[in-house]
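A.B. asks: Sharing a structure below in structure tokens format, with a few things to ask.
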Amino acid sequence: MIECDGVRLRRATRGDLDFMLEVVTHEDVQPYLAAGGAFNGEALLAELEQQEREASAFGRFVIEVREADAWRRAGTMGFERVNERSRIAHLERLAVHPDFQGRHVGDDAARLFQRHLIFDLGFHRLQMEIYGYNERAQRHAERAGWIKEGVKRKAYRRDDEWVDAIMYGLVREDLEE
């Protein structure tokens, strides 16, 4: 568990399945997540099982926010190792429940997640992509310290259209400055 300033991250468990499903299928969240993601209970359960087998290479996390004297689930996020030799992780599916949007919960959680992956799990490079039309997520990425690395033009098919992907990266040295 990682915690700072009223936000904490922890590995998701089977007890989080209903919450995770609620977040990733919410009509205000789902259009901004990768179309090929796990959007049903069976697929999410399979991801949790993968996390149990490969904790250093794959993870699904729950974002929690301290309110009064209790922690409330506020969102989810994940990573997957994409290159073992070069220690690269792809971050995906940052999804904040609409009840918590606009409070920069995602920014705080992203910074905690970056530090956990680089300093605790030993990744050298983190990377992610955001749909070109998701301007809110792009602003979040820049507030959270991500470096914009480029655009993959018309990279993904979404709602019968080709959409751009904005590529972001972060290396260990970016966090050590």
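The values are calculated or read from the model by the stated rules, or taken from the named source; none is laboratory data. What you are looking at is a predicted structure, and each value in this text was computed from that prediction instead of being measured. Glycine gets a Cβ as well: all are built from the backbone with ideal geometry, and neighbour counts include every protein chain shown. The protein model used for the area step is the full one, side chains on, heavy atoms only, and it has no ligands, DNA or RNA in it. Shrake-Rupley method; radii C 1.70, N 1.55, O 1.52, S 1.80 Å.
A.B. asks: For residues that are at pLDDT 95 or above, out of contact with any strand residue (DSSP E or B) (no Cβ under 6 Å at 6 or more places or on another chain) and not hydroxyl-bearing (S, T, Y), tally how many sit in region 80-109.
C.D. replies: 4
A.B. asks: Answer yes or no as to whether Y133 is assigned to a loop (DSSP other than H, G, I, E, B) and hydroxyl-bearing (S, T, Y).
C.D. replies: yes
A.B. asks: Quick one: V163 ticks every box in (1) touching a helix residue (DSSP H, G or I) at 6+ places or on another chain (Cβ under 8 Å); (2) of a type in the set (V, I, T); (3) more than 15 Å from V62 (Cα to Cα) except a single one, so which number is it?
C.D. replies: That leaves (1) as the condition not met.
A.B. asks: Let me ask you something else. Going by what's in this entry, would D164 be described as farther than 21 Å from R87 by Cα, acidic (D, E) and either touching a Gly at 6+ places or on another chain (Cβ under 8 Å) or not in a strand (DSSP E or B) (or both)?
C.D. replies: Here the answer is yes, as D164 does meet what is asked.
A.B. asks: Quick check on region 73-82. Is at least one of its residues under 24 Å from M167 (Cα atoms) and of a type in the set (D, E, K, R)?
C.D. replies: yes
A.B. asks: Conditions: (1) farther than 27 Å from D16 by Cβ; (2) open to solvent by 40 Å² or more (accessible area, probe 1.4 Å); (3) not polar (S, T, N, Q). I166 meets all but one. Number of the miss?
C.D. replies: Of everything listed in (1) farther than 27 Å from D16 by Cβ; (2) open to solvent by 40 Å² or more (accessible area, probe 1.4 Å); (3) not polar (S, T, N, Q), I166 misses just condition (2).
A.B. asks: Determine, yes or no, whether A43 is open to solvent by less than 50 Å² (accessible area, probe 1.4 Å), more than 19 Å from A137 (Cβ to Cβ) and free of Cβ contacts under 8 Å to residues at least 24 places away in the same chain.
C.D. replies: yes
A.B. asks: Of the numbered conditions (1) of a type in the set (A, V, I, L, M); (2) outside any strand (DSSP E or B); (3) crowded, with 16+ Cβ neighbours inside 10 Å, A95 fails exactly one; give the number of that condition.
C.D. replies: (2)
A.B. asks: What tally of residues in region 14-39 results from selecting those that are touching a helix residue (DSSP H, G or I) at 6+ places or on another chain (Cβ under 7 Å) and either hydroxyl-bearing (S, T, Y) or open to solvent by 30 Å² or more (accessible area, probe 1.4 Å) (or both)?
C.D. replies: So the count comes out to 8.
A.B. asks: Taking the conditions exactly as written (more than 14 Å from the chain's Cα centre (by Cα), surrounded by 13 or more Cβ atoms within 10 Å (Cβ to Cβ) and outside any loop (DSSP other than H, G, I, E, B)), does R60 satisfy them or not?
C.D. replies: So R60 fails the test.
A.B. asks: When you check R66 against the structure, is it part of a strand (DSSP E or B), over 19 Å from I147 (Cα atoms), open to solvent by 50 Å² or more (accessible area, probe 1.4 Å) and at pLDDT below 95, yes or no?
C.D. replies: Answer is yes for this residue.
A.B. asks: Inspect region 7-29 for any residue being part of a strand (DSSP E or B) and over 14 Å from the mean Cα position of the chain (by Cα) and give the result as yes or no.
C.D. replies: The answer is yes, given that some residue of region 7-29 is part of a strand (DSSP E or B) and over 14 Å from the mean Cα position of the chain (by Cα).
A.B. asks: Quick one: count up the residues across region 146-161 that are farther than 21 Å from G37 by Cα and either part of a loop (DSSP other than H, G, I, E, B) or open to solvent by less than 30 Å² (accessible area, probe 1.4 Å) (or both).
C.D. replies: Counting residues in region 146-161 that are farther than 21 Å from G37 by Cα and either part of a loop (DSSP other than H, G, I, E, B) or open to solvent by less than 30 Å² (accessible area, probe 1.4 Å) (or both) gives 2.
A.B. asks: Considering R111, R143, which residue is surrounded by fewer than 16 Cβ atoms within 10 Å (Cβ to Cβ) and under 15 Å from the mean Cα position of the chain (by Cα)?
C.D. replies: R143
A.B. asks: Right, something else. Is it fair to say L48 is open to solvent by less than 50 Å² (accessible area, probe 1.4 Å) and outside any loop (DSSP other than H, G, I, E, B)?
C.D. replies: For L48, the condition - open to solvent by less than 50 Å² (accessible area, probe 1.4 Å) and outside any loop (DSSP other than H, G, I, E, B) - is met.
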